[in-house]
Amino acid sequence: MDITRRQVLVGGAAAALSSTSFAGGVFQDKPTIKVGLIGCGGRGSGAIRDNLAAEPGAVVWAVADLFGDRLEGALTGLKNDLKGRCQVGGRFYSGFDAYKQVLAEDVDVVILTTPPAFRHIHFAAAVAAGKHVFMEKPVAVDGPGIRSVMASAALAKSKNLSVVAGTQRRHDVAYNECIKAIKDGAMGDVLQMNCYWNQGGLWLNPRQPSWSDVETQIRNWLYYTWVGGDHIVEQHVHNLDVCNWVMGTHPVKATSMGGRQTRTDAAYGHVFDHFATEYEYANGVKMMSYCRQADGCASRVSEQIIGSKGQSNANTSIKGEKNWRFEGDRPNPYVLEHGRLYKSIKANEGFNEGVQVAESTLTAIMGRMSAYSGEEITWEKALNSQVSLMPNPLGFNDLPVPPVAVPGTTKGVY
Amino acid sequence: MLTTLLAAAALQQDIFSETFPQNGASFKMVRIPDGLHKGTQIKDIYAAQTELTWEVYEVWFLQKDQTIEEQTTVRPDAISRPSRPYAVIFTGFGHHEFPAICISLNSAQEFCKWLSKKTGKNYRLPTRTEWEYLAGASPEKPDETSWHWDNAEDTTHKIANKKPNAFGLFDCFGNVAEWTLDKEEYGVAGGSWKTKPVDLKQEYWQPSTPKWNEADPQTPKSKWWLANGQFIGLRLVCTK
């Protein structure tokens, strides 16, 4: 911990002696907030910069990634871009246990940005270690992972730790204004919702001779359900989260269909390339959800909320009896979400999005379970699923790819 | 289309087409009469009748002109092509016959290089002065010529659905703002669906800014796509 004259004068010797004793006003006087980064891919490298943009007192203190090459590349970039605010020194670690080494360091805040499969493990360890957390969505890929996140979120609450998730629409000023207006009755009662994440295909890292099955799958995590959750979970969770936000709760069941038509090469693992899901909430409101990753098609990433007196895209417009349109500055929500984290930490507020993001992630998982199995899936069935997708033991081993799920035939998906 | 042909006939315009057999996409290039604008001689230039569409852009972006073998073989002389956008970004702005959007300057330039190599012609982005000349006078009745803040419903629209200008070019003002490139400066001209009609002027030009890619959540940020660039596209010019 850095001790400066200001800290000694204002924060007191007690604060200087213990990095974890910054409850209440003490944190405000910490001259340096030490941030650990766990997961150094493109998103993690972006998130750490967003974090530092939100808090002038923050520095990068320790970093981890499963892969040494990714770690090295990210660290070089951080040193070049952040100069003095990159204070990693020798605290950079690779391997499956690298997160433990970051958490053992004197960090105040950790950013969890590995592929989704590992999130609940890292979150649990971070909360146990008393760290404030920013974690990317989705936060799990299966029922056991969701239960773990919910338990860790509750523990974080009891410790008054702050937890923010990477569902950045929750921190976008336009979404906030619009959804507040919807909740205030600007378009009457919500009758129906539709949401979409339809886009083209994504990147692929061709297998190298030295890679094991597991390494290949983690480096191409989008295409293996055990690592990424499939794209309904990995991407579409954003739109599902907006609908849950509007409703103030999660759906109670899902009936989904999907398949794999355009992205059929074995290099793309076993995930689907499209899903269409009907969700139903406890009050009977239905949400139609669509997601697709296919080249050369119409793309659409949005939400539509239909009310008794109008409709809305949930962020820039409400049309109906009363018209409303967002106009004005829309600061980068990827920075605002980190600003919210620091606001909570400094106010000792215990702001905690853990359960909320777990519910939205499970909403998506419920849709995937229904599409893979062909069955209607209830919230309880998804939440209480005993199917853990994580390989056991986890290591750079052989790992056959499961066959592409066939609705009505495939078993063991929930 | 009839309007276009009539306009072309009236001007006795020289028009040529590029067609892509891979997906049937095509576009037309219109000979712009020589002239003088702001002291610069504009000469021997063709301009695309429309803003660049997704169908044409995708021949390049999605490598539709290559076999699988060609796509997977690394050749040092190859023109690079865009990465796949991750958290993007086209967000319901339409596809078939809609203008390509979120195009970075780098993408626009690389696309021109590829197209030039493909066709043996010299495709490029217009300079700001050239753009002003080919766009012509500011629209007197923006609703007749342009998709803008008051009529576009916050989105792009299919190309060539409004009246063309005197040279037979569509959507110079509004719909998507179009890249211009000079030695010292680059930006987008003509305004877009986000532009208030009062600003649809021949001189209206927005300098490039990092804000156009602020919402790319990855680092390094994409050099191919502008995450906040849903109003940015391009119009090709060609000097044969």
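The values are calculated or read from the model by the stated rules, or taken from the named source; none is laboratory data. No experiment lies behind these values; they were computed from the predicted model shown. So basically every Cβ, Gly included, is an ideal-geometry build from the backbone, and we count neighbours across all protein chains shown. What goes into the accessible areas is simple: the full protein's heavy atoms, side chains included, and nothing from ligands, DNA or RNA. Shrake-Rupley method; radii C 1.70, N 1.55, O 1.52, S 1.80 Å.
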Task: helices (runs of 4 or more DSSP H) within the stretch A:224-336 that include 3 or more residues among the charged types (D, E, K, R) and under 25 Å from the mean Cα position of the chain (by Cα) - done: none
Task: Number of the exception - residue B:85 against (1) modelled with pLDDT under 95; (2) more than 25 Å from residue A:206 (Cα to Cα) - done: (2)
Task: Qualifying positions in the stretch B:170-203 - farther than 19 Å from residue B:237 by Cβ and open to solvent by 10 Å² or more (accessible area, probe 1.4 Å) - done: B:193, B:194, B:196, B:197, B:198, B:199, B:201
TODO: Looking at (1) buried (at least 21 other Cβ atoms within 10 Å of the Cβ); (2) part of a loop (DSSP other than H, G, I, E, B), find the lone condition where residue B:223 falls short.
DONE: (1)
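Closer than 30 Å to residue A:300 by Cα, within 13 Å of chain A (Cβ to nearest Cβ) and under 18 Å from the mean Cα position of the chain (by Cα): does that describe residue B:97?
Yes: the conditions hold for residue B:97.
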- [ ] Select from the stretch A:27-81 the residues that are charged (D, E, K, R) and farther than 15 Å from residue B:217 by Cα and list them in ascending order.
- [x] A:29, A:30, A:34, A:55, A:65, A:69, A:70, A:72, A:79, A:81
Task: Test: residue in the stretch A:255-269 that is closer than 18 Å to residue A:357 by Cα and among the small types (Gly, Ala, Ser) - done: no
Task: Scan of the stretch B:116-165 for residues that are of a type in the set (Gly, Ala, Ser) and without any contact (Cβ under 8 Å) to a residue 40 or more places away in the chain, ordered by number - done: B:116, B:120
Task: Residue in the stretch B:64-73 that is at pLDDT 85 or above and crowded, with 20+ Cβ neighbours inside 10 Å present - done: no
Open item on the list: Criterion first (touching a Lys or Arg at 6+ places or on another chain (Cβ under 7 Å), closer than 13 Å to residue A:352 by Cα and either open to solvent by less than 10 Å² (accessible area, probe 1.4 Å) or outside any helix (DSSP H, G or I) (or both)) does residue A:107 satisfy it?
Closed with: no
Open item on the list: Regarding the stretch A:237-252, can at least one residue be identified that is in contact with a helix residue (DSSP H, G or I) (Cβ under 9 Å, 6 or more places away or on another chain), open to solvent by 10 Å² or more (accessible area, probe 1.4 Å) and within 14 Å of residue A:368 (Cα to Cα)?
Closed with: no
Task: Test for residue A:339: is it open to solvent by 10 Å² or more (accessible area, probe 1.4 Å), at pLDDT below 95 and farther than 23 Å from residue A:362 by Cβ - done: no
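In this structure, does residue A:131 turn out to be over 14 Å from the mean Cα position of the chain (by Cα), open to solvent by 20 Å² or more (accessible area, probe 1.4 Å), away from chain B (no Cβ under 14 Å) and of a type in the set (Lys, Arg)?
When the stated conditions are applied, residue A:131 does not pass them.
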- [ ] Take the stretch A:300-310 and flag every residue that is within 13 Å of chain B (Cβ to nearest Cβ) and out of contact with any Phe, Trp or Tyr (no Cβ under 7 Å at 6 or more places or on another chain).
- [x] A:303, A:304
- [ ] Within the stretch A:259-299, track down each residue that is more than 21 Å from residue A:377 (Cα to Cα), more than 13 Å from chain B (Cβ to nearest Cβ) and touching an Asp or Glu at 6+ places or on another chain (Cβ under 7 Å).
- [x] A:261
- [ ] Kindly provide the set of residues from the stretch A:31-66 that are more than 14 Å from chain B (Cβ to nearest Cβ), in contact (Cβ under 8 Å) with a residue 60 or more places away in the chain and open to solvent by 20 Å² or more (accessible area, probe 1.4 Å), ordered by number.
- [x] A:66
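Residue-by-condition table, conditions (1) open to solvent by 40 Å² or more (accessible area, probe 1.4 Å); (2) under 25 Å from residue A:51 (Cα atoms); (3) away from every other protein chain (no Cβ under 14 Å); (4) part of a helix (DSSP H, G or I):
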residue	(1), (2), (3), (4)
A:147	yes, no, yes, yes
A:152	no, yes, yes, yes
A:155	yes, yes, yes, yes
A:181	no, no, yes, yes
Task: Those residues of the stretch A:184-235 which are under 27 Å from residue A:298 (Cβ atoms), open to solvent by 20 Å² or more (accessible area, probe 1.4 Å) and among the aromatic types (Phe, Trp, Tyr), in sequence order - done: A:196, A:203, A:221
- [ ] Take the stretch A:188-218 and flag every residue that is under 18 Å from the mean Cα position of the chain (by Cα) and more than 12 Å from every other protein chain (Cβ to nearest Cβ).
- [x] A:218
Open item on the list: Regarding the stretch B:216-233, can at least one residue be identified that is in contact with a strand residue (DSSP E or B) (Cβ under 9 Å, 6 or more places away or on another chain), away from chain A (no Cβ under 14 Å) and either at positive phi or among the β-branched types (Val, Ile, Thr) (or both)?
Closed with: yes
Task: Cross-chain or 6+ apart pairs with Cβ under 7 Å, the stretch A:313-333 first and at the interface with another protein chain (Cβ under 9 Å from one of its Cβ atoms), then of a type in the set (Lys, Arg) - done: A:316/A:325; A:317/A:325; A:333/A:169
Task: Only one of A:344, A:360 that is of a type in the set (Ser, Thr, Tyr), closer than 18 Å to residue A:379 by Cα and at pLDDT 95 or above - done: A:360
TODO: Report, by residue number, each residue of the stretch A:359-414 that is charged (D, E, K, R) and open to solvent by less than 20 Å² (accessible area, probe 1.4 Å).
DONE: A:368
Open item on the list: Would you confirm, using the coordinates I've provided, whether residue B:192 is under 25 Å from residue B:84 (Cα atoms) and either within 19 Å of the chain's Cα centre (by Cα) or away from chain A (no Cβ under 14 Å) (or both)?
Closed with: yes
